[in-house]
Amino acid sequence: MKYIKQYESREVIHTLKTKAKSGIYEYPVQLIESDSKYSDKTNGYSYNGLILSIAGTPGSWYLSSFLHYTPDSLYGNDIHISGDDWVCTNKQEILKELLPWVKNEYPMWRDLKKYNL
């Protein structure tokens with residue numbers, strides 16, 4: 001999976017209500033706009049360079065990598081960051097909120113960017 005963190009300071013498009021959980025700690029999950037709009041094609045999927053970032057951790061991925069890196073990307077409940085140094089244990093809760101956003105809100109956001117509205 002493409003791992004990135006240098007985009008932390010980019011514009012936050014959306015913050016999920018669901019927070020990433022690691023033990024007793026919780027971290028905001030954000031969708032961030034990147035500069036590289038077309039370098040994120042993973043298995044034929046692209047979301048205009050949107051990045052899923054777990055704020056306060058070293059974890060961020062192109063949204064296409066997070067959702068489509070392997071056929072099993074949507075399964076399991078752990079998200080490993082930096083090997084096993086940090087583990088998020090509620091991936092399914094995050095996906096439950098993220099997937100409807102991708103289906104319903106992402107097309108509107110994409111069209112706004114497309115037409116510079």
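A few notes on this one:
- Put simply, the amide H of TRP86, placed in the peptide plane, has neighbours under 5 Å in ILE81, leaving out anything fewer than 5 places away on its chain.
- Burial ordering of SER46, SER53, fewest other beta-carbon atoms within 10 Å first: SER46, SER53
- Treating r as the C-beta distance of SER82 and ASN43 and R0 as 22 Å, the FRET efficiency rounds to 0.40.
- Amide H partners (placed H, <5 Å) of SER46, local residues excluded: none
- Remark on GLY59: its backbone amide H falls under 5 Å from those of ILE54, a criterion applied only to residues 5 or more positions apart or on other chains, H modelled at 1.01 Å from N.
- Normalised contact order of the range 12-114, rounded percent, pairs of Cα under 8 Å and 6 or more residues apart: 22 percent
- Applied to the range 91-101, the Karplus parametrisation 6.51 cos²θ - 1.76 cosθ + 1.60 on θ = phi - 60° returns per-residue 3J(HN,Hα) values of 4, 5, 5, 5, 4, 4, 8, 5, 4, x, 5 Hz, with x for Gly and Pro.
- Fewest neighbouring Cβ atoms within 10 Å first, the residues LYS19, LYS96 line up as LYS96, LYS19.
- Subtracting the Cα-Cα distance of ILE24 and VAL102 from 0.36 nm times their residue separation leaves 25.3 nm of extension gain.
- Panel order for TRP86, TRP101, TRP61, by other beta carbons found within 10 Å of each beta carbon, from fewest to most: TRP101, TRP86, TRP61.
Throughout, read-outs are computed from the coordinates displayed, never taken from laboratory work. Everything numeric here is computed off the predicted structure, so don't read it as measured data. Quick reminder, even Gly has a Cβ in these numbers, built from the backbone with ideal geometry, and neighbours come from all protein chains shown.
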